[in-house]
Structures are given as C-alpha cells and as structure tokens.
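These notes concern the structure reproduced below.
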Amino acid sequence: MEGEKKKDGGTRRAIVVGPWGGNGGTSWDDGSYSGVRTITLVYDRCIDSIRVEYDKSGKPVLAEKHGGNGGNHTTTIKLQYPEEFLTTVSGHYSPVVHGGTPVIRSLTFKSNQGSFGPFGVEEGMPFSFPMDGGSIIGFWGRNGWYLDAIGFRLSRTHAPTLLRRVSLKLQKLGERSKSLVAPRNGEDSTANNNSNRAAIRKRNA
Ligand code: AMG
C-alpha cells in the first residue's frame, strides 16, 4: 500500500481524484511519492505520452512512459523541487479519430510558483479540480497509442517542503546572527553584542 507513513506506524493514504478522459487503452498507475521533479510530455493533436520523474525521500525516481511513440512536440517541465510543487492540473478530452474513444487533448500544470502550458489542443470537454493547500504526488490513468485518461494522487500537505523551508530559514537566521554577533579584532565584544542583538530583534520583528 502506497502512502505517507504516520508516526503511529499507520499509513495516511493519498487522496485520489479522477480519472478524466476516455475508457480506451489499459490502466496504469505510478503510485505515490514525496513529490514531482519533472514531467515530460509528447504531444501534437492530443497528448501522446507522459513520463514523470518523482522524488522519493530525496532521491529521483523515473517512472514508466505512458502512451505511444507518436507526437511531434516534446516538453519537459522542470519543477524547482522541493520549493516548487504541483498544485493542480487541468485539460481537455475528446476523440481524436472519428468514432474513437476520448483521449486527453491538452494539459495545463500549475505549481505554487507558476503555470505550464497548455500543451496539445484545447478541444472537447474541459476538466479541472480546484485545490487548496495540497500537492500532486502521483499520476495514474489509461493509455493505448495516446494518453486516454489521467488521474492524480494528492497529499493534504506538502510536508517535506514545509520542513525544508523552515530548516532553510533557521539556517539563514543562524548564519546572519553569527556574522552579526561575532566580535571583530580589536572591537569591544560587549558593545558589539548588544547593538547587534537589537539589530537581530529588529530584523526578526
Ligand atoms: C489504441 C487503443 C485504444 C486507445 C487508443 C488511444 C489506436 O487505438 O487500441 O483503446 O487506447 O490507442 O490511446
């Protein structure tokens, strides 16, 4: 079973949303990870394939490519992991061949820092899911020659990022106060310390 480990040894399972798209092809599921590092899309009149590089506890993990070998355009979305994380994905789906089942025609990705796309053609049924305070930690769906359907695994929080941000902040504060408090040669260390403590308090206020 995939999911975040809780302190009591239990597992907090990811929230699963979707899939959007058609019923063609066969199903695939990348599972869930700590976060997403890069997404490679091949597309043309629809999304031909998707391949995601995740992060699992600080290590990159490259998942399988899902879809076919067609498509004339390739794009690689590189997120600044862990500061940057995916917050939502939207897109369109409709048949691309006469009488065919719907496939994913376009995808747009949003992170806490920006937006990527749309890639493909914005034709057919639009889909999106509003999100507040979570992040995407896995993809699943269906594929044949193309990407038939896509769904997402969400984490309620982006805990690794939050932890990392707090520790970076503490580190920075530590460096600042070190450089401010350390007495220079020949200077009165008491006066130096006192005036700098006031300066640090001001900065932290
Ligand atoms: C193949 C599969 C279909 C569907 C499409 C699109 C060309 O057909 O047989 O079921 O998945 O690809 O991906």
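The values are calculated or read from the model by the stated rules, or taken from the named source; none is laboratory data. Nothing here was measured: the structure is a model prediction, and the numbers come from that model. All Cβ positions, even for glycine, are placed from backbone atoms using ideal geometry, and neighbour counts span all protein chains on display.
Of all residues in segment 48-86, those that are β-branched (Val, Ile, Thr) and more than 16 Å from TRP140 (Cα to Cα) total 4.
Can you name every residue in segment 31-54 that is assigned to a strand (DSSP E or B) and surrounded by fewer than 20 Cβ atoms within 10 Å (Cβ to Cβ)?
Result: THR38, THR40, ARG51, GLU53.
Figure legend. Inter-residue proximity from segment 101-121: first residues within 11 Å of THR75 (Cβ to Cβ), second residues in a loop (DSSP other than H, G, I, E, B) and at pLDDT 95 or above, beta-carbon distance below 6 Å, spacing 6+ or different chains. Indicated pairs: GLY120/CYS46.
Scan segment 65-87 residue by residue and report those that are under 26 Å from PRO130 (Cβ atoms) and either of a type outside the set (Asp, Glu) or surrounded by fewer than 16 Cβ atoms within 10 Å (Cβ to Cβ) (or both). Please lay out each step first, then the result.
Looking only at segment 65-87, we keep the residues that are under 26 Å from PRO130 (Cβ atoms), and these are 66, 75, 77-87.
Passing the criteria: HIS66, THR75, ILE77, LYS78, LEU79, GLN80, TYR81, PRO82, GLU83, PHE85, LEU86, THR87.
Summed over segment 123-152, residues that are part of a loop (DSSP other than H, G, I, E, B), within 16 Å of the ligand (Cβ to nearest atom) and under 22 Å from the mean Cα position of the chain (by Cα) total 0. ARG105: among the basic types (Lys, Arg), touching a Ser or Thr at 6+ places or on another chain (Cβ under 7 Å) and within 12 Å of the ligand (Cβ to nearest atom), yes or no? Considered against the rule, which asks whether it is among the basic types (Lys, Arg), touching a Ser or Thr at 6+ places or on another chain (Cβ under 7 Å) and within 12 Å of the ligand (Cβ to nearest atom), ARG105 comes out as yes.
Within segment 5-21, take every residue that is modelled with pLDDT of 95 or more and surrounded by fewer than 21 Cβ atoms within 10 Å (Cβ to Cβ) and give me the one that is nearest to the ligand (Cβ to nearest atom). Among them, the one singled out is PRO19. Only one of the numbered conditions (1) within 15 Å of the ligand (Cβ to nearest atom); (2) out of contact with any Leu (no Cβ under 7 Å at 6 or more places or on another chain) is not met by GLY67, and that is (2). For segment 153-167, the criterion of being over 22 Å from ARG45 (Cβ atoms), within 16 Å of the ligand (Cβ to nearest atom) and at pLDDT 95 or above is met by no residue. Every condition in (1) touching a strand residue (DSSP E or B) at 6+ places or on another chain (Cβ under 7 Å); (2) within 13 Å of the ligand (Cβ to nearest atom); (3) not hydrophobic (A, V, I, L, M, F, W, C) is met by GLY99 except one, and the failing one is (1).
State yes or no: is GLY120 on the phi > 0 side of the Ramachandran plot, within 16 Å of the ligand (Cβ to nearest atom) and not basic (Lys, Arg)? It is true that GLY120 is on the phi > 0 side of the Ramachandran plot, within 16 Å of the ligand (Cβ to nearest atom) and not basic (Lys, Arg).
Each row is one residue, and each column tells you yes or no for (1) closer than 22 Å to ARG153 by Cβ; (2) hydroxyl-bearing (Ser, Thr, Tyr); (3) more than 11 Å from the chain's Cα centre (by Cα).
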site	(1), (2), (3)
ASN72	no, no, yes
LYS78	yes, no, no
GLU83	yes, no, no
THR101	no, yes, yes
ASN112	yes, no, no
